[in-house]
Amino acid sequence: MTRHEMSKASTCLSCTLAVFLALTAVAPPCAAGIQQIAITGDPQPGSAGAQLLGVSSATLNGAGEVAFIATLKPGVGGVDATNDRAIC
């Protein structure tokens, strides 16, 4: 990856994280576009009914795939204090 590509990817990651962490669809423009990934109340990907309560520590790999740490809503989908964190 060239420096220009790395800079562009970093800028786009910043835009995506701003949207993601603020849980809003409003963020500075990004050349690659902005896509909402997750929002409070969304179902946890791959779960049997768990819901997202909050998200943090998002990361973007070279293929453009996003992963993040989620706090899950207690009392929904079998979630309690012993299993309320997930990597999505």
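The values are calculated or read from the model by the stated rules, or taken from the named source; none is laboratory data. As the structure is a prediction and not an experimental result, all values here were calculated from the model. Backbone-built Cβ (ideal geometry, glycine too); neighbour counts: all protein chains shown. Areas reflect the complete protein model, heavy atoms only, side chains present, ligands, DNA and RNA absent. Shrake-Rupley method; radii C 1.70, N 1.55, O 1.52, S 1.80 Å.
Points to keep in mind about this one:
- Among residues of segment 65-88, those that are basic (Lys, Arg) and either touching a residue at least 24 places away in the same chain (Cβ under 8 Å) or assigned to a loop (DSSP other than H, G, I, E, B) (or both), counted: 1
- Verdict on Leu13 being open to solvent by less than 70 Å² (accessible area, probe 1.4 Å), of a type outside the set (Val, Ile, Thr), at pLDDT below 90 and on the phi > 0 side of the Ramachandran plot: no
- Note on segment 65-86: residues that are of a type in the set (Ser, Thr, Tyr) and either open to solvent by less than 80 Å² (accessible area, probe 1.4 Å) or in contact with a strand residue (DSSP E or B) (Cβ under 8 Å, 6 or more places away or on another chain) (or both) amount to 1.
- Test: residue in segment 46-64 that is buried (at least 16 other Cβ atoms within 10 Å of the Cβ) and part of a loop (DSSP other than H, G, I, E, B): yes
- Count of segment 40-78 residues which are in contact with a Phe, Trp or Tyr (Cβ under 9 Å, 6 or more places away or on another chain) and aliphatic (A, V, I, L, M): 3
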